[in-house]
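I have placed the structure first, in the form of structure tokens, so that the comments after it can refer back to it.
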Amino acid sequence: MERLAARSVTIVGIGAVGGHAMEGLARSGIGHLRLVDFDRIDPSNINRQLLALDSTVGRLKVELAQERIYQINPQCKVEILPLFANQESIDKILDPKPDLLIDAIDALNPKTCLLEAAFRHKIPTISSMGAALRTDPTKITYGDIFDTRGCPLAKQLRKRLRNRGIGEGIFCVYSHEAVNFNYGNEGADEPNDKSLGRSRNILGSTPTIPAIFGLTIANQAIFALAEKEISFS
């Protein structure tokens, strides 16, 4: 418990997966959490996101997350950054270096930029692969991103990371459940707000699978952070 209280974790993306990862870490006694998300609660979030209630629609996710963590563990130091993760904001997100980074972003370009930066700065990372469209919790597992199978998001990330000279060394939680989705058309349209990246496809999710992803990430993080040297297996 003393070791966990001395650890710092940065979570990027406080949606369905990231919100549940945050919850698990807050209840484990992690001493310092930095939460990064530019978004506000939308009614469409209510089916799966921990922070999404009828009463919280329109509020910043990071502000709600900070309030919730203080109700769970008032001793936890909580920093919030209402930022969109991209090439321009990565340095601010990762400075100072956390003991562990949790990547719960669902957009390819920001996700690739974040993982590349964490890899080059030697920051231990757990990255969430695709939770949308899945229905079978028994097919959720974890491992190196270059050892994954059956996940279209992981396939695209491997390609992009390999093109940037990055190989094994990024731990992830993923599902090998077969889904019918092609990331090849991801981001084909330009967004209205250029600062928030390209538009993304909207994929359906159950209330349960993203939560299991997030809590699996939290579980792996807790046991890694409790050791003297952080590693995953």
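Quick notes on this one:
- Span per principal axis, largest first, for the Cα atoms of the range 81-192 (Å): 38, 35, 27
- Residues considered: LEU203, LEU161, LEU25. Largest GNM mean-square fluctuation over the chain, using C-alpha springs under 10 Å, is found at LEU203.
- Residue with peak Gaussian network fluctuation, the chain [Cα springs, cutoff 10 Å], from ARG134, ARG59, ARG48: ARG59
- Cα-based convex hull, the range 1-133, per residue volume (Å³, whole number): 100 Å³
- Share of carbon and sulfur in the accessible heavy-atom surface of the chain [1.4 Å probe, %]: 48 percent
- When the chain is treated as a Gaussian network with alpha carbon springs shorter than 10 Å, the biggest mean-square fluctuation among ASN163, ASN47, ASN86 belongs to ASN163.
- Amide H contacts of GLU79 (H built 1.01 Å from N, under 5 Å, at least 5 apart or other chain): LEU33, ARG34, LEU35
- Calculated mean residue ellipticity, 222 nm, the chain: -9500 deg cm²/dmol, from DSSP H runs (n ≥ 4) at -39500 (n - 2.57) each, averaged per residue and rounded to 500.
- Per residue accessible area in Å² of the chain, where ligands, DNA and RNA are left out and the probe is 1.4 Å: 48 Å²
- Using a cut-off of 30 Å between Cα atoms, the listed pairs LYS155/LYS228; LYS92/LYS159; LYS111/LYS139; LYS77/LYS228; LYS97/LYS159 include LYS155/LYS228 as exceeding that distance.
- Kyte-Doolittle mean at least 0.0, axial Cα span of 15 Å or more - DSSP H helices of the chain: 16-28, 108-120, 209-225
- Taken as Cα centroids, the range 69-101 and the range 129-164 sit 24 Å apart, rounded to the nearest whole angstrom.
- At full extension, GLN87 and GLN75 could sit 1.1 nm farther apart than now, given 0.36 nm per residue minus the alpha carbon distance.
- Bins of 5 Å, starting at 0 and running to the largest distance - Cα pair percent for the chain: 1, 7, 15, 20, 22, 18, 11, 4, 1, 0
The values are calculated or read from the model by the stated rules, or taken from the named source; none is laboratory data. Just so you know, these numbers come straight off a predicted model, no measurement behind them. Accessible surface is based on the protein model in full, side chains and every heavy atom, while ligands, DNA and RNA are left aside. Shrake-Rupley method; radii C 1.70, N 1.55, O 1.52, S 1.80 Å.
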